[in-house]
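Quick notes on the structure that follows.
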Amino acid sequence: MALLGDFTVRTVALGAALVGVVAGVLGTFALLREQSLLGDALSHAALPGVCIGFLLGGARQLEPILAGALASGALAALLVMLLTRATRVKTDAALGVALSLFFAVGTVLLTYVQRHEGAAQAGLDAFLFGQAAALVPRDLSVIGAVAAVVLTVVLLGWKELKVTTFDADFARSLGRPVVAIEFALTVLIAVAVVIGLQLVGVILMVALVIAPAAAARQWVTRLEGMVVLAALFGAASGVAGALASAAVRGLATGPVIVLAASGLVVIALLFAPQRGLLWHAARAQTQRRALRAHRVLVDLYRLGEAHRDPGYPSEQGMIDAYFGSSTAHVLRRLERRGLVARVAHMPEEGDHWVLTEGGRDQARELLAPFGARERRGPEEPRP
């Protein structure tokens with residue numbers, strides 16, 4: 001908390017939190033629309049606009065640079081939509097074309113601009129990887145205003161965005177302007193990318209757009225919860241990156257923000273209920289143990305029927321042979337549950353087991369779906 005006493009750190013942390021919130025909210029829609037690469041394309045496409053904004057503004061002023069980046073990103077989004085709708089080019093190919101084309105143009109413009117007087121001091125190359133330390137209160141005001149506008153637009157158009165994201169054909173049948181809504185959403189994502197360029201940079205901004213949404217997707221099943229959680233994850237990643245870079249000298253803020261967001265994704269993939277890898281592994285292990293227990297119960301029941309004695313004491317070795325492997329640990333678990341009991345019968349041949357009344361009832365329940373044919377013992381002849 002001592003770090004937050006520094007004015008510069010507070011400015012960077014607040015700016016990163018605002019960017020993270022906007023990126024998390026809009027990244028949710030990009031993720032659900034299966035357009036995760038859209039953020040990558042738009043972030044790279046913003047570079048020409050950054051250069052043009054600097055040339056028009058004559059200095060490193062955030063307003064013209066952001067306006068140029070937004071115009072460039074919107075133009076790239078329009079190109080992607082035209083390619084996918086007017087030609088047979090798939091979305092991923094169109095994104096690749098837009099990314100490559102605009103980034104190439106941006107690189108050429110950046111080379112030209114760096115020869116311009118004052119360009120070196122402007123530090124335009126910082127937009128490639130971000131330079132959070134250059135953030136000033138005036139920049140923060142611009143980012144805050146843009147973030148407020150974007151979130152207001154999302155709130156007002158929530159129903160249209162929701163129905164278009166999940167079922168564009170249904171939205172079209174309701175008379176919604178689907179193309180206009182999709183383009184507006186793409187422009188909003190471009191806005192999220194643009195306001196994060198100074199903090200995270202062109203190269204890494206896509207991660208901040210997608211990672212919080214990907215992490216939130218693992219924890220919740222409803223859009224409302226996913227949007228809120230993605231916003232929180234984005235803000236937490238931004239603040240964590242800002243504080244970590246301030247605590248360690250020479251540590252770049254943008255990459256640390258991305259690492260924090262990626263860490264949230266890893267945690268979600270491992271521990272999220274219903275979807276986490278560890279949860280799936282634990283459930284699979286539980287199912288395997290339950291299946292082995294059910295098989296042993298059924299085997300004991302069939303052995304009893306084969307000997308026409310429900311209380312027939314089955315020897316451990318016979319059960320293992322019938323089952324196909326050792327069942328000692330399974331029988332001990334069943335014994336603790338009161339489904340089988342160990343009996344003293346011919347101790348020189350080893351342990352013997354019988355089904356309890358509860359065990360027979362459960363075995364009959366397990367066999368019931370398979371009908372009478374499965375309930376006959378293995379030695380019983382067919383009629």
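The values are calculated or read from the model by the stated rules, or taken from the named source; none is laboratory data. As the structure is a prediction and not an experimental result, all values here were calculated from the model. Counting neighbours? That spans all protein chains shown, and the Cβs are built from the backbone with ideal geometry, glycine included.
Quick notes on this one:
- Some residue of the range 221-239 being surrounded by 14 or more Cβ atoms within 10 Å (Cβ to Cβ), without any contact (Cβ under 8 Å) to a residue 60 or more places away in the chain and of a type outside the set (A, V, I, L, M): no
- For the range 266-302, taking the residues that are aliphatic (A, V, I, L, M) and under 17 Å from GLU335 (Cβ atoms), the one that is surrounded by the fewest Cβ atoms within 10 Å (Cβ to Cβ) is identified as ALA290.
Residue-wise test of (1) more than 29 Å from VAL25 (Cβ to Cβ); (2) in a helix (DSSP H, G or I).
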{"position": "VAL228", "(1), (2)": "no, yes"}
{"position": "ARG249", "(1), (2)": "yes, no"}
{"position": "GLN287", "(1), (2)": "yes, yes"}
{"position": "ASP299", "(1), (2)": "yes, yes"}
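- Candidates in the range 303-357 are the residues that are among the hydroxyl-bearing types (Ser, Thr, Tyr) and surrounded by fewer than 16 Cβ atoms within 10 Å (Cβ to Cβ); of these, the one that is nearest to PHE370 (Cα to Cα) is SER325.
- VAL330 vs. criteria modelled with pLDDT of 85 or more and over 30 Å from GLY20 (Cα atoms): yes
- The set of residues in the range 244-298 that are among the basic types (Lys, Arg) and without any contact (Cβ under 8 Å) to a residue 24 or more places away in the chain comprises ARG249, ARG283, ARG288.
- If the condition is being among the small types (Gly, Ala, Ser) and surrounded by fewer than 18 Cβ atoms within 10 Å (Cβ to Cβ), then the range 134-155 contributes ALA134, SER141, GLY144, ALA145, ALA148.
- GLY254 vs. criteria part of a helix (DSSP H, G or I) and either over 30 Å from THR356 (Cα atoms) or modelled with pLDDT under 90 (or both): yes
- Leading residue by the ranking (farthest from VAL239 (Cα to Cα)) among those in the range 12-55 that are in a helix (DSSP H, G or I) and polar (S, T, N, Q): SER36
- Of the numbered criteria (1) small (Gly, Ala, Ser); (2) surrounded by 12 or more Cβ atoms within 10 Å (Cβ to Cβ); (3) modelled with pLDDT under 85, the one GLY371 fails is (2).
Table: residues versus (1) assigned by TED's automatic domain parsing to the domain that holds ALA231; (2) of a type outside the set (Lys, Arg); (3) modelled with pLDDT of 90 or more.
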position	(1), (2), (3)
ALA242	yes, yes, no
SER245	yes, yes, no
ARG249	yes, no, no
ALA261	no, yes, yes
LEU264	no, yes, yes
ILE267	no, yes, yes
PHE271	no, yes, yes
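- Test: residue in the range 86-107 that is at pLDDT 80 or above, closer than 18 Å to GLY201 by Cα and in contact with a Phe, Trp or Tyr (Cβ under 7 Å, 6 or more places away or on another chain): no
- Qualifying positions in the range 244-259 - touching a Leu at 6+ places or on another chain (Cβ under 9 Å) and either surrounded by fewer than 20 Cβ atoms within 10 Å (Cβ to Cβ) or at positive phi (or both): ALA244, ALA247, PRO255
- Any hit, the range 204-218, residues being under 14 Å from the mean Cα position of the chain (by Cα), under 21 Å from LEU151 (Cβ atoms) and surrounded by fewer than 24 Cβ atoms within 10 Å (Cβ to Cβ): yes
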